[in-house]
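Only one structure is covered here, and it is reproduced in the block below.
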Amino acid sequence: MANKKNHNKEIKKGLYLIPTPIGNLGDITFRAVEILKNSDCILCEDTRISRNLLDKFDIKSKLISNHKFNEKKNLSYVIDLLKKDHLISLISDAGTPGISDPGTVLVKECAKENINIFPLPGPSSVTSAVSISGFSEKYLFYGFFPEKEKTLKEDFEILSNINTSIVFFISPKKINKIIPSIKNNFSGRNILICREMSKFYEEYIRCKVDELKIFDKNPKGEITIVISEKEHIKKNDSFLRESDKRNIYKMIDKLSIKEITDLISQNNKVPKKIIYNYCLKLKNEK
């Protein structure tokens, strides 16, 4: 049976960013299905994955492959369609387009050309993970970890000093490799690891960062990680950044406590007494 379009006058023409289920197909919204059915075409990452979703809801709109390797090539063609008053939807394999998925390139061009862009609320592994974390409702979304170790080290240096929840995406093949860096930079915090959210084998692992262990084998399915805000700890330590502590550790056997205190105090507003006491404590532990 052919798909019948409603031609609903209330559906404005333009580009629609439509979130798709991150697992359970039942999580798609009624409005998302309606707009997809009325779309002149649907841009998607993998036509095979998207076809499973569209077939379930009897959506017959034309599919166009639009992933990170061809989205720039598609740009002029899609913009031309939008200028001709077409209704186009953009979806990703799962979740919200443009959030660690293709979409930003097209959205920027539409904004530049003054073309209507409409976001739909819907499934998101970011907000889903934060909502069940029990951590601070103020959060920073980082996305996928970078490939280069130097970039990761530099970014973690900054992130370790931010006192909010932090959300990361990671593939299961890389989780064990990244755990040592997480433990080194976020000691004292809590962590929530979400795997296969909304699917049959969904799993949630909660523990202290310091208690995090390497997986015996790489877990299956996409993973979302939430690291908590900093916990209130002893006042003598709470004012010192993790980077300061590491620098002190490197200098403790080479310089006097007074010299270290003077050096560290030059770059921040930490009282010298706190720096001095931390150095003294570290010296006694060695």
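Where a number appears in this text, it was derived from the coordinates with a stated rule and is not lab data. What you are looking at is a predicted structure, and each value in this text was computed from that prediction instead of being measured. Heads up, the Cβs are rebuilt from the backbone with ideal geometry, glycines too, and the neighbour counts pull from every protein chain shown.
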Dimensions of the chain along principal axes (Cα, Å, largest first)? 80, 42, 30
Volume per residue (Å³) of the convex hull spanned by the alpha carbons of segment 235-285 is 68
Name the trypsin sites (Lys or Arg not before Pro) in segment 146-217 that are in a loop by DSSP and that have at most 16 other C-beta atoms within 10 Å, would you? Lys148, Lys173, Lys174, Lys199, Lys213, Lys217
Please identify every one of the trypsin sites (Lys or Arg not before Pro) in segment 51-147 that sits in a loop by DSSP and has no more than 16 other beta carbons within 10 Å of its own beta carbon. Lys60, Lys68, Lys84, Lys138
GNM on the chain, Cα springs under 10 Å; top mean-square fluctuation among Ile18, Ile79, Ile193 goes to Ile79
So which chymotrypsin sites (Phe, Trp or Tyr not before Pro) in segment 179-266 pass both tests, a DSSP loop state and at most 16 other Cβ atoms within 10 Å of the Cβ? Phe200, Tyr201, Phe215, Phe239
When the label point is put 7 Å from the Cα of Val105 along its Cα-to-beta-carbon vector, which residues of segment 40-70 have a backbone N closer than 12 Å? 66-70
Let me check against my output: what whole-number percent is the relative contact order of the chain, with C-alpha pairs under 8 Å and at least 6 apart? 16
Over the Cα atoms of segment 164-226, what Rg and Dmax result, in angstrom? 11.2, 33
Length released on extending from Lys72 to Lys272, taking residue separation times 0.36 nm less the Cα-Cα span: 66.6 nm
Compute the distance in nm between two label points, each set 7 Å from the Cα along the Cα-to-Cβ direction, one at Asp253 and one at Phe30. 6.9
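Looking at segment 125-227, what % of its DSSP beta bridges pair antiparallel, to the nearest 5? Each step should come with its number before you reach the end.
Values: 16 of 21 bridges.
The answer is about 75 percent antiparallel.
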Starting from the 7 Å offset along Cα-to-Cβ, what nm value, one decimal, do you get for the label separation of Ser265 and Lys217? 5.7
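Calculate how many DSSP beta bridges within the chain are antiparallel, expressed in % of all such bridges and rounded to the nearest 5. Present the calculation step by step, with values, prior to reporting the outcome.
Working: 17 of 36 bridges.
Of all bridge pairs located within the chain, approximately 45 percent are antiparallel.
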Cα-based Rg and Dmax for segment 136-258, in Å, come out at 15.9, 58
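Per-residue ellipticity at 222 nm for the chain, helices alone: DSSP H runs ≥ 4 residues times -39500 (n - 2.57), over residue total, nearest 500 deg cm²/dmol?
On the way: 11 runs with 109 residues, N = 286.
It comes out at -11000 deg cm²/dmol, rounded to the nearest 500.
If I take R0 = 25 Å and measure r between the Cβ atoms of His86 and Lys199 in this structure, what FRET efficiency does the formula 1/(1 + (r/R0)^6) give, to the nearest 0.05? Could the numbers behind the result be given before it?
Working: r = 34 Å, r/R0 = 1.36.
E(calc), rounded to 0.05, equals 0.15.
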Three semi-axes of the equivalent ellipsoid, segment 36-148, Cα gyration tensor, whole Å, largest first: 26, 18, 14
Please compute the volume of the convex hull spanned by the alpha-carbon atoms of segment 61-212 and report it per residue in Å³. 157
Listed residues Ala111, Ala94, Ala129; largest mean-square fluctuation, Gaussian network over the chain with Cα springs below 10 Å, found at Ala111
